[in-house]
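I have placed the structure first, in the form of structure tokens, so that the comments after it can refer back to it.
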Amino acid sequence: YVIGGVATIVLCKKGMHFKYIFALGFTIIGLAAIFMYFEVQTYGLYERMKYPVIIRSIGMMMLYTLIPTYATQRMPYKFLSSWICTMITIRMVIAPAFGASVYTNVLQERQQHYITRYAENVDMINPEASIPFTQTVNGLSYQGKSKAEAVNMAALSTKGRIQVQSVLSSVKEMAGWTFYACMFCSIFVLVIPYPKRKVIS
């Protein structure tokens, strides 16, 4: 957050137009999504997840720092207090609730989609599924488990692997759509007009 705030201040001091800083902020958030897309994998390391968080925080702080600066310099003074209240309401109330609900529901829906998709070809004819299943059943049988119990536990193990893959695929898909959304926002803030402050006497 400190890096994003300082970077925004420095870029504004150097005279960079607001639209380029806005676009840079959205692009940095998109880079965090790209990092997540390639980093989320079966053998990925959890401690590496700090990097997309840092990258995303820099981009978000650039936007949070720039928006009130833009409002201060471009809006009529009489709307400034209303703008501050609107920003706080959106940032602290609406955005967290909306974002959490959207991501949670999308993750749940896409996870069920991928579970159904991946489970279609998981049978005893598929060697990638049948070999681990048979090995698990044999291993549990050697440990003294009954045939039915060994089969049930092997099925649960197979289901667990499918769930892991479905979660990974869902997160990757969401990261991809987040990247596309950030790129759309970057282009949008570059093409919209930026009117100057209207001085009202």
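Since every read-out is calculated from the coordinates, none of them should be taken as a lab result. Not measured: the values here are computed from a predicted model.
So here's what we get for this one:
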{"item": "Per-residue ³J(HN,Hα) for segment 90-100, Karplus 6.51 cos²θ - 1.76 cosθ + 1.60, θ = phi - 60°, Hz, x for Gly and Pro", "result": "5, 5, 9, 10, 6, 4, x, 5, 5, x, 5"}
{"item": "Three-way shape label, segment 1-94, alpha-carbon gyration tensor, a/c 1.5", "result": "prolate"}
